[in-house]
1. Helix 186-225 versus the longest principal axis of the chain: what is the Cα-based angle in degrees, 0 to 90, to the nearest 10?
2. Of Tyr147, Gln102, Val121, which is farthest towards the positive pole of the range 99-159's charge dipole, taken about the Cα centre with +1 and -1 on the beta-carbons of Lys, Arg and Asp, Glu respectively?
3. Of the accessible area of the chain, with the probe set at 1.4 angstrom, what percent is carbon plus sulfur?
4. Measure up Lys193/Lys217; Lys72/Lys175; Lys19/Lys175; Lys30/Lys193; Lys39/Lys77; Lys39/Lys72 against 27 Å on the Cα-Cα distance and list the ones that go over.
5. Taking the simple approach of a point 7 Å from Cα along Cα-to-Cβ for both Arg151 and Asp110, what is their distance in nm?
6. Full-extension gain between Lys30 and Glu88, please, as 0.36 nm times their residue separation minus the C-alpha to C-alpha distance.
7. Under the rule of at least 5 residues apart or a separate chain, name every residue whose amide H is placed under 5 Å from the amide H of Val146.
8. How long is the gain from Leu242 to Gln74 if the chain were fully straight, where each residue apart is worth 0.36 nm and the alpha carbon distance is subtracted?
Amino acid sequence: MEHSQQTFPVDPAVLKKMKTELTRFMMTYKFALDEMDTKINILQEEFQYVHDYNPIEHISTRLKSPESILEKVQRKKLPLNLATIRNELNDIAGIRINCSFQKDIYKIKDMLSAHQDLRVVEVKDYIQAPKENGYRSLHLIAELPVYMSDRVEHVAVEIQIRTVAMDFWASLEHKIFYKFGEVVPNDMRHELKEVADIAAQLDTRMEGLHRRSEQHKEQYYARESMKSLQVDQKQFALPERLLQALSNTNETPNDK
């Protein structure tokens, strides 16, 4: 004898209210992402037009789907209600910033932390202390206010800041693990760790090259600036012999 699955009718009014609350819940995270994206884009444009170079290579955002939220709640064995989800899950809204160099990661972190309407509540530094598999990145959990029509919600956003090399490794590592599930052969795990170390060495060497190029650029512009002077909106060339003679002159007034 077949047993049909018992179902419980849901009052349409109750269902509509639940859907409205869930929509508002998801929208707060979407608005928080929009606000964070705006903050970072402002920094990016400022660097582009004011400073020597732009350390931000790429920005991407991600909003967890209701299905993904449900899976994580069940995996963590949490009560299924919006208040618990808001308090316990900090990665519903996520933003990733790819930087040119490792020093830029901490520069961007400091600039974001200086925003008065943004509160950094958690920092996980997987650059200074990489994960066992070689993963490197800086993770921040930041709270910012979202102003709705009838309330202010303080919403958590996960911010991941990493170099292009770190992101390249993390993306490929994820694809390999996704293909194998969680059963990745030990030799591949070992090689992935080695590749992560190579990527870290690449970051260090490229940052060193960038630092040296900046020093050479400063020296070049310093030399070029000594070739002329401007007086009363007129440009005058400075002969090298004159500069050499003046630099070798060390006259002191005679004591009288």
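The values are calculated or read from the model by the stated rules, or taken from the named source; none is laboratory data. Predicted, not measured: the structure shown is a model, and the values here were computed from it. Here the Cβ is made from the backbone with ideal geometry for all residues, glycine too, and neighbour counts use every protein chain on show. Calculation scope for accessible area: heavy atoms of the full protein, side chains included, ligands and nucleic acids excluded. Shrake-Rupley method; radii C 1.70, N 1.55, O 1.52, S 1.80 Å.
1. Its long axis makes an angle of about 30 degrees.
2. Projecting each Cα onto the dipole axis, the largest value belongs to Gln102.
3. Values: 9750 of 18350 Å².
That share works out to 53 percent.
4. Too far apart for the 27 Å limit: Lys193/Lys217; Lys19/Lys175; Lys30/Lys193; Lys39/Lys77; Lys39/Lys72.
5. 3.8 nm
6. Taking 0.36 nm per residue and subtracting the Cα distance, the gain is 19.1 nm.
7. Amide H neighbours of Val146: Glu153, His154, Val155.
8. Going from the current span to full extension adds 52.5 nm.
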